[in-house]
Amino acid sequence: MKWALASFLIVFLVWDVAFSQDIKVREEAVLLLERAQQASRAPKLPNLERVDTFRTFGDAGIKEGSFSRMVIQGVGRRDEYTLGDYRLLNVWTQKQVAVTGSPHVMPGELVNVGKLTPILLVHFDGEDVIHSVSQRNVGGHNARCIQFDTIRGQQTQNNELCVDADTGVLLEEKLGEELIENSDFFPFAGALMPGKIQYSVRGTRKIEISQFMKALGDGETNVLSAPPGAEVQKRCTTFRGPFGTSMPQPKPGNGGSDVDIVVHAMILSNGRVYEASIENSERPDLNDEALATVKQWTFTPAMCDGNPKEHEVSLGIHFQGR
């Protein structure tokens, strides 16, 4: 699974080998997702403000937070993150970014909120095997639901996507053990966006998000002014991400299943991993081992205009037969 940023956040299911399947069923599934893309992507975005308020659920209890983004098209954006004691404000313009707030790596919960909002969309590639498209009721809506598998080597992930038969929006996305439920859609700039997003893993609720968006007036460009006391950093003209030089994997097990855990961390300018935290895990019992594993890894650092630079990353750890 590969993540990418466009006007809205999109996840691509990317595989290599084609498998035998009903061509007409696959064609219908592809058309349904193309319609979902069109329903949830504005043809032309205005200057805008987006606010996501959320609650996360975990071993430490319930936490409340927010993410807001103001965008002046072609000029820059203002992003503000809060979760518990974590505060971060970034003001991006074409030549610089002004930063205030926490020096620590972003918590995994905030990273996941960023991936789920304003809406997570998918499309199919070669190793997504479509089995069927069926009709059912989803949250009171008449929906067309696509059942398919994604195959990575010896791993098979069972998935289902449900598209509103009337509006074309994505109502439910079951991707392996993860479930995303979108509801309370509202119109914005020619698109339909979810006012509520719920995210669960293995049937356990993890995140609830409430979202709204509005157009900004022409007189509100001052939102891109650098806040008092901000650290102003020059934006990179050329950038190269970090590359792993030593990335030992956990010892394989004697059976069981293959498991992938995603860790969020900072790669320092010396290539070491700093402040690693769990971003996504289907096996909490393996979390400590995943964190201990990535802390052993080393990288060539990210490079900004030829100079080493700290860089936040998401790292995947593969447990075989565990």
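Values for this structure:
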| quantity | calculated |
| --- | --- |
| Volume per residue of the C-alpha convex hull in the range 40-100, rounded to whole Å³ | 98 Å³ |
| By average C-beta atoms within 10 angstrom, highest first, the peptides 258-266, 41-49 | 258-266, 41-49 |
| Charge-dipole axis of the range 44-95 as Lys and Arg at +1 and Asp and Glu at -1 on Cβ define it, positive-most pick from L89, V75, T56 | V75 |
| Computed E for A226/N254 - FRET, C-beta separation, R0 41 angstrom, nearest 0.05 | 0.15 |
| Label-point separation, Y274 to R240 (7 Å along Cα→Cβ), nm | 2.1 nm |
| D_trans [Stokes-Einstein, Kirkwood Rh over alpha-carbon pairs] for the range 81-146, 20 °C, 1.002 mPa s, µm² s⁻¹ | 132 µm²/s |
| Cα-based equivalent ellipsoid of the range 239-319: semi-axis lengths in Å, sorted from largest, via gyration tensor | 26, 12, 9 |
| Unit charges at the beta carbon, dipole of the chain: most positive-side option, A189, Q211, N47 | N47 |
| Helix-only CD estimate at 222 nm, as mean residue ellipticity for the chain, using -39500 (n - 2.57) per DSSP H run (n ≥ 4) | -3000 deg cm²/dmol |
| 3J(HN,Hα) from dihedral phi, the range 36-41, Karplus parametrisation 6.51/-1.76/1.60, rounded to Hz, x for glycine, proline | 4, 4, 5, 5, 10, 10 |
| Protection proxy ranking of 235-248, 188-201 - average other beta-carbon atoms within 10 Å, highest first | 188-201, 235-248 |
| Descending semi-axes in whole angstrom, ellipsoid equivalent of the chain, from the Cα gyration tensor | 31, 28, 18 |
| Using alpha carbons only: equivalent-ellipsoid semi-axes of the range 272-322, gyration tensor based, whole Å | 26, 10, 9 |
| Separation of alpha-carbon centers, the range 116-131 and the range 254-322, rounded to whole Å | 24 Å |
| The chain: most fluctuating residue of D125, D59, D184 per GNM, C-alpha cutoff 10 Å | D59 |
| Cβ-Cβ FRET estimate between A60 and K196, R0 fixed at 25 Å, reported to 0.05 | 0.60 |
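All of the numbers you see were taken from the coordinates with simple rules; none came from a lab. Just so it is clear, the model here is predicted, and its values are computed rather than measured. Backbone-built Cβ (ideal geometry, glycine too); neighbour counts: all protein chains shown.
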